[in-house]
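Take a look at the structure below.
The values are calculated or read from the model by the stated rules, or taken from the named source; none is laboratory data. These numbers were taken from a predicted model, which means no experiment stands behind them. Counting neighbours? That spans all protein chains shown, and the Cβs are built from the backbone with ideal geometry, glycine included. Quick note on the areas: whole protein, heavy atoms, side chains included, nothing else; ligands and nucleic acids left out. Shrake-Rupley method; radii C 1.70, N 1.55, O 1.52, S 1.80 Å.
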Amino acid sequence: MKQVRLRFAPSPTGALHIGGIRTALYNYLLARQLGGVFILRIEDTDQTRYVPGAEDYIIRSLNWLGLIPDEGPGFGGEYGPYRQSERKAIYLDYAKQLVERGFAYYAFDTAEEIEAMKQRLAKQESDVVKYDYNTRAEMKNSLSLSPDEVQNLFHQGIAYVIRLKVPEGETVEIHDTVRGHVSFATQELDDKVLIKSDGMPTYHMANVIDDRLMKITHVIRGEEWLSSTAHHVLLYRYFGWENEMPEFSHLPLILKPEGNGKLSKRDGAQFGFPVFPISWQMENGEYIHGFREEGFMPEALLNFLAFLGWNPGTEQEIFSLPELINEFKKENIVKAGARFDYDKAKWFNSHYIQHATADQLKPYIRSSAEKDLINLTDEQITSICSLYQTRSTYVNDLWSQSKYLFTDQIQYNEDFMNKKWKPEHIPAYVELEGEIQMLDDFTAQSLEQVLQNFMQKNKLKPGEVLPSLRVMMSGTPMGPDIYAMMMACGKELLVNRIQRFLAKANS
Ligand code: GLU
């Protein structure tokens with residue numbers, strides 16, 4: 001049986017947007033499900049849009065998410081090179097074959113000449129303003145010029161491109177697993193450039209040739225490529241490969257949170273959420289946070305992304321990567337645009353944090369703590385998890401909420417200090433601190449007893465005392481169970497924190 005082969009084919013033109021990661025994920029899931037191969041191909045033939053560092057960024061992003069290619073630059077494989085810029089000669093060869101067989105032609109027009117033609121047509125109020133079978137006869141190309149004239153232009157070293165000769169009056173049929181049957185009349189299609197004047201192929205040419213040579217069986221990509229597919233189908237036809245075309249699935253657009261228009265790279269800054277998987281350094285040196293830096297677990301991000309354009313048809317929302325591999329069906333990919341709901345992304349992340357083991361969370365907590373120059377023991381990490389795992393939306397929250405246990409830099413919540421704290425209670429708390437100090441057996445039970453007595457004697461309510469104690473320990477009135485917090489502090493630190501707070505409140 002034919003081996004299943006899927007490719008993720010990004011262009012290294014900048015940071016990979018979250019839609020690109022979704023494309024990678026769907027390709028990966030199907031490849032794994034069908035026992036196939038997942039390939040990374042770098043489509044870097046547009047030198048004007050090439051951004052140094054972008055390829056490395058793509059690979060680091062895939063590594064972070066665990067979507068590891070079986071073949072690709074740096075991953076090995078028998079169908080390389082996997083960078084299109086290194087395959088230039090191959091495409092030119094194929095394009096020349098098309099010219100010889102009358103399916104493509106050389107064109108020598110300058111940008112100005114093409115512009116002039118468009119102006120001319122526009123003046124005639126024609127609705128077809130493109131380089132196509134209506135206009136090619138009046139342009140400077142190997143169809144309109146004599147063979148001698150063409151040779152002459154070659155000898156003079158005039159720059160040329162190779163264009164696809166789109167047939168007149170036909171319909172190109174595409175079968176797409178998401179959209180169903182789609183057809184394009186050839187009058188809508190221009191004579192696409194296949195080889196540019198620098199000898200590099202265009203996206204269309206390189207994409208089709210590589211899908212063929214790399215034996216790609218399924219093409220899963222964003223909806224924006226659907227209209228290009230018509231040109232691709234013509235290329236398959238002209239090369240005589242029409243019966244072995246890959247199967248096409250075009251994924252729905254990812255929409256802005258309000259559902260009005262496509263989510264763009266700039267929307268992250270506007271809406272205040274990440275749109276890149278990992279941080280990206282911009283030209284001005286500034287870093288833009290990705291989901292990783294924001295505190296997402298890769299498992300949670302993948303689960304969220306899987307649902308942007310697909311659903312299992314059941315109520316189940318939580319899927320591990322192996323479950324997605326099993327359950328993913330391209331028949332369940334939806335046609336309608338998928339709204340990017342950041343609250344839903346956060347919901348997935350907190351779910352994954354809550355259900356993670358301390359071992360899974362350890363690397364996140366440890367690396368946050370190391371930034372504050374604190375080395376934690378395994379025991380301390382377990383205690384952080386039991387206190388804060390259920391109260392964290394981002395992995396970074398685990399440390400930011402618990403660091404008071406390990407550092408003395410406590411910032412007392414201003415709102416609390418100004419509106420809730422009553423200085424007249426200082427003497428009572430001094431007494432409380434003394435009682436805690438005298439406790440031989442420092443347990444939750446004995447602390448509870450001490451607090452009960454304290455509240456009764458001073459006619460204070462838990463709603464007042466508990467937030468106050470939380471502020472004394474951690475700076476903030478919110479937090480987990482007060483006894484769990486006090487036990488995590490330990491007697492010495494607890495007493496010390498109450499003393500410090502009272503000294504400051506008194507000053
Ligand atoms: N290089 C294209 C991109 O950047 C690939 C489209 C495709 O998968 O054919 O998205």
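Meeting the requirement of 1 or more residues that are among the hydroxyl-bearing types (Ser, Thr, Tyr) and within 24 Å of residue 228 (Cα to Cα), the strands (runs of 3 or more DSSP E) wholly within segment 107-185 are 171-176, 180-185.
Against the condition surrounded by 19 or more Cβ atoms within 10 Å (Cβ to Cβ) and without any contact (Cβ under 8 Å) to a residue 24 or more places away in the chain, how does residue 465 come out, does it pass? Spelling it out, residue 465 is indeed surrounded by 19 or more Cβ atoms within 10 Å (Cβ to Cβ) and without any contact (Cβ under 8 Å) to a residue 24 or more places away in the chain.
Tell me the residue from 113, 86, 100 that is open to solvent by 60 Å² or more (accessible area, probe 1.4 Å) and more than 24 Å from residue 186 (Cβ to Cβ), please.
Checking each option against the conditions leaves just 86.
Scanning segment 223-240 for residues that are open to solvent by less than 10 Å² (accessible area, probe 1.4 Å) and within 11 Å of the ligand (Cβ to nearest atom) gives 229, 232. Per the conditions (1) out of contact with any helix residue (DSSP H, G or I) (no Cβ under 6 Å at 6 or more places or on another chain); (2) open to solvent by less than 50 Å² (accessible area, probe 1.4 Å); (3) free of Cβ contacts under 8 Å to residues at least 40 places away in the same chain; (4) within 22 Å of residue 67 (Cα to Cα), the sole criterion not satisfied by residue 356 is (3). Sub-9 Å Cβ pairs linking a first residue in segment 409-426 that is in a helix (DSSP H, G or I) to a second residue that is surrounded by fewer than 17 Cβ atoms within 10 Å (Cβ to Cβ), at least 6 apart or interchain, are 423/506; 425/458; 425/464; 426/506, ordered by first then second residue. The residues of segment 322-343 that are in contact (Cβ under 8 Å) with a residue 24 or more places away in the chain and open to solvent by less than 60 Å² (accessible area, probe 1.4 Å), listed by number, are 324, 325, 328, 330, 333, 334, 337, 338, 340, 341, 342. Within segment 397-449, the residues that satisfy the criterion of being of a type in the set (Phe, Trp, Tyr) and over 30 Å from residue 353 (Cα atoms) are 421, 429, 442.
For segment 146-176, the set of residues classified as open to solvent by 40 Å² or more (accessible area, probe 1.4 Å) and touching a strand residue (DSSP E or B) at 6+ places or on another chain (Cβ under 9 Å) consists of 154, 160, 165, 169, 170, 171, 173, 175, listed by residue number. Looking at 260, 243, just one residue is away from the ligand (no atom under 13 Å from the Cβ), assigned to a helix (DSSP H, G or I) and over 23 Å from residue 84 (Cβ atoms), and that residue is 243.
Against the conditions (1) open to solvent by less than 10 Å² (accessible area, probe 1.4 Å); (2) under 19 Å from residue 106 (Cβ atoms); (3) within 16 Å of the ligand (Cβ to nearest atom); (4) not basic (Lys, Arg), residue 195 satisfies every one except (3).
What about residue 84, is it more than 16 Å from the ligand (Cβ to nearest atom), on the phi < 0 side of the Ramachandran plot, touching a strand residue (DSSP E or B) at 6+ places or on another chain (Cβ under 9 Å) and not aromatic (Phe, Trp, Tyr)? It is false that residue 84 is more than 16 Å from the ligand (Cβ to nearest atom), on the phi < 0 side of the Ramachandran plot, touching a strand residue (DSSP E or B) at 6+ places or on another chain (Cβ under 9 Å) and not aromatic (Phe, Trp, Tyr). Evaluating residue 316 against the criteria (1) within 18 Å of residue 20 (Cβ to Cβ); (2) assigned to a loop (DSSP other than H, G, I, E, B) leaves one unmet condition, (1). Put simply, of 183, 146 the only residue that is small (Gly, Ala, Ser) and within 33 Å of the chain's Cα centre (by Cα) is 183.
Output the number of residues of segment 212-237 satisfying the condition of being in contact with a strand residue (DSSP E or B) (Cβ under 8 Å, 6 or more places away or on another chain) and closer than 18 Å to residue 103 by Cβ.
Within segment 212-237, the first condition is being in contact with a strand residue (DSSP E or B) (Cβ under 8 Å, 6 or more places away or on another chain), and the residues that meet it are 214-223, 225-227, 229-231, 233-235.
Narrowing further to those that are closer than 18 Å to residue 103 by Cβ: 229-231, 233-235.
Summing the residues that are in contact with a strand residue (DSSP E or B) (Cβ under 8 Å, 6 or more places away or on another chain) and closer than 18 Å to residue 103 by Cβ in segment 212-237 gives 6.
Among the residues of segment 468-483, the ones that are under 17 Å from residue 399 (Cβ atoms) and either open to solvent by 20 Å² or more (accessible area, probe 1.4 Å) or part of a helix (DSSP H, G or I) (or both) come to 4 in all. Of the residues making up segment 1-38, those that are aliphatic (A, V, I, L, M), more than 11 Å from the ligand (Cβ to nearest atom), within 15 Å of residue 71 (Cβ to Cβ) and open to solvent by less than 20 Å² (accessible area, probe 1.4 Å) number 2. Filtering segment 261-280 to residues that are over 23 Å from residue 220 (Cβ atoms) and open to solvent by 90 Å² or more (accessible area, probe 1.4 Å) leaves 266, 269, 270.
Would you check if residue 59 is away from the ligand (no atom under 11 Å from the Cβ), modelled with pLDDT under 95, within 18 Å of the chain's Cα centre (by Cα) and closer than 26 Å to residue 363 by Cβ?
Working: away from the ligand (no atom under 11 Å from the Cβ): yes; modelled with pLDDT under 95: no; within 18 Å of the chain's Cα centre (by Cα): yes; closer than 26 Å to residue 363 by Cβ: yes.
Judged against the criteria, residue 59 is not a match.
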